[in-house]
2 protein chains.
Amino acid sequence: MSWKRSERLVDMTHYLLNHPREIIPLSFFTERYQAAKSSISEDLAIVKEIFSRKGIGDLMTIPGAAGGVRFFVSVKEEDVKLFVKELLAMIGRPDRLLPGGYLYMADIVGNPKIMDKVGQLFAAKFGRADIDAVMTVATKGIPLAFATARYLSVPVVIVRRDSKITEGSTVSINYVSGSAKRIQTMVLSKKSLKEGSRVLIVDDFMKAGGTINGMISLLKEFQATYAGICVLAEVENVKERLVDQYLSVIKITKIDEKNKKIEVEEGNFFQFGE
Amino acid sequence: MSWKRSERLVDMTHYLLNHPREIIPLSFFTERYQAAKSSISEDLAIVKEIFSRKGIGDLMTIPGAAGGVRFFVSVKEEDVKLFVKELLAMIGRPDRLLPGGYLYMADIVGNPKIMDKVGQLFAAKFGRADIDAVMTVATKGIPLAFATARYLSVPVVIVRRDSKITEGSTVSINYVSGSAKRIQTMVLSKKSLKEGSRVLIVDDFMKAGGTINGMISLLKEFQATYAGICVLAEVENVKERLVDQYLSVIKITKIDEKNKKIEVEEGNFFQFGE
């Protein structure tokens, strides 16, 4: 059964969106649509143009016999500016303040649209890097880690605070939490990460960076390395930052419990190099 | 700037896939593409045909002045059969057996492609129902809950086993775990669920159903109700099942620790009514 161009474009768009970073040979499409290579190339040129125009992603063409296309998610700076502005308004709401100066974030972390957008930002920055897995720590980092991993086509590795029988044998480390200076434990199932993996670390929140530092120590136990660190929110004015290179979407500059004020601003996303 | 049909189709496909279940007025598209209503209707007919042919989803047209389109995710039975078959082969591998007859599932739960597919199945069955949120319990249900919620355009509500300071005031209940007959606690932040919500309960694993029963009790505290129960894997041969109506993708029929054999088969997905 042969397909019309209009039909191919709909299916091709869906297919590419669902297979980010994978190398798709042109022959896959010529067979799928019973169409000539030249027609498929023209289709892909249209998809590429629109993906670029709307800030959906980059379609990279790989020439040669083993060639094909790869879709990398991207973002448009103006869209990100708008999204971050909305996020700042949401997070700055005084009713978010909890006793002790903590912020209620469950509604943000529980919103798939927001998680998806943030995951897209992280994947846009790190999509071209050599990454085998996304790592996070249970519980609140999980949605963001999955949103990111979906755009990178890699698995998620979830570190826990406690060992569970359903994890099998585990590797555990002790680390010092940066802000409270308490000794804590982190556990990762032995099976869950291959030796030598390149990992993107993702979390919802970073104060001094103790938890992220703990994940870095854990990676060493697996002879693994990190390709980058991404957090949704960082807290400024931390005396001793344990982590130096990271990407943040928003920055919490002040929490004034007494006057019920939260001050937030853009994170380092726009200053962050590729 | 006016758009060609081929260009509109690429962007429209992306837009619809990212806005499941939302009512999108035709005027949104006529303005976005500077095109006549008749052209947009023709575009949508093409998208509808391909979405149906490839089992991507149903495009529902809402006639009248306030009309528009709604995209509901769907699945093709033959694709689901194939997917479940692959999943059964993965889960039936003897190296998954842990001491005590537990199964290692972290690789399945950590795979965004599998979680996405399962979420699509759940959303295909419950997409037309009146659902305000997806509920799950930390930790392993979270990826599946998000994958489902993304296809339903609703938030995720995460129940915890312990209360955290960052949750604010909480409601907690005690429940009896079905298999171990132990009393356990479940906690949900007061802010995280509106009174009267209709909730889809999602989890990775169900034995007797104690955890799910606990979530149902918790819903009552919020004057909320459940629209359905979806689990990735159910365990058969449970003496006393605490939950009667649920959807499962796979069924674990036997775990033979001594001979290192796991027997798995299709869940009730194909028998489950809409």
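Given contacts defined as C-alpha pairs under 8 Å and at least six residues apart, what's the relative contact order of chain B, whole-number percent?
Working: 500 pairs, mean separation 38.1, N = 274.
Computed value for chain B: 14 percent relative contact order.
As a test of understanding, state the convex hull volume per residue of region A:5-73 from its alpha carbons, in Å³. Present the calculation step by step, with values, prior to reporting the outcome.
Numbers: hull volume 5.2 nm³, N = 69.
Cα convex hull per residue, to the nearest whole number: 75 Å³.
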State, to one decimal in nm and shortest first, how far the label point of B:Glu77 sits from each corresponding label point in the other identical copies (label point: 7 angstrom along Cα-to-Cβ).
5.4
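Counting other beta carbons within 10 Å of each residue's own, what order do A:His19, B:His14 fall into, fewest first? Write down the numbers at each step before the final one.
Numbers: A:His19 16, B:His14 20.
With the fewest neighbours first, A:His19, B:His14 line up as A:His19, B:His14.
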Take every Cα-Cα distance within the protein assembly as shown, group them into 10 Å bins from 0 onward, and report for each bin the whole-number percent of pairs it holds.
3, 17, 28, 28, 18, 6, 1
Given H placed on each backbone N at 1.01 Å, which residues far from A:Gly57 in sequence or on other chains put an amide H within less than 5 Å of it?
A:Ser52, A:Ser74
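Among residues other than A:Glu167 whose Cβ falls under 14 Å from its Cβ, what is the net charge (Lys/Arg +1, Asp/Glu -1)?
On the way: positive: A:Arg160, A:Arg161, A:Lys164, A:Lys190, A:Lys191, B:Arg96, B:Lys140; negative: A:Asp162, B:Asp107, B:Asp204.
Cβ neighbours under 14 Å give a net charge of +4.
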Taking A:Glu263 in one copy and the same position in all the others, each labelled 7 Å out along Cα→Cβ, what are the pairwise distances from the first, in nm, shortest first?
6.7
Around B:Gln223, what is the net charge, scoring Lys/Arg as +1 and Asp/Glu as -1 over all other residues with Cβ under 12 Å from its Cβ?
+1
Give the percent of DSSP beta bridges with both residues in region A:166-274 that are antiparallel, rounded to the nearest 5.
50 percent
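Assuming R0 = 51 Å, what is the FRET efficiency of B:Asp130 and A:Arg182, from their Cβ-Cβ distance, to the nearest 0.05?
Numbers: r = 45 Å, r/R0 = 0.89.
Efficiency at R0 = 51 Å is approximately 0.65.
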Return the FRET efficiency for the residue pair A:Lys191, B:Lys239: r is the Cβ-Cβ distance, R0 is 35 Å, and the value is rounded to the nearest 0.05.
0.65
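If we count every other residue with Cβ under 9 angstrom of B:Thr61's Cβ, Lys/Arg +1 and Asp/Glu -1, where does the sum land?
Working: positive: B:Lys48, B:Arg70; negative: none.
Around B:Thr61, the surrounding residues sum to +2.
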Just for the Cα atoms in chain A, what are the lengths along the principal axes, largest first, rounded to whole Å?
66, 45, 31
Where does helix B:142-152 land angle-wise versus the long Cα axis of chain B, in degrees 0 to 90, nearest 10?
30 degrees
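Readers should treat all values here as calculations from the given coordinates under stated rules, not as data from a laboratory. Model, not experiment: these values are computed from the prediction. When we count neighbours, we look across all protein chains shown, and the Cβ atoms used for this are built from the backbone with ideal geometry, even at glycine.
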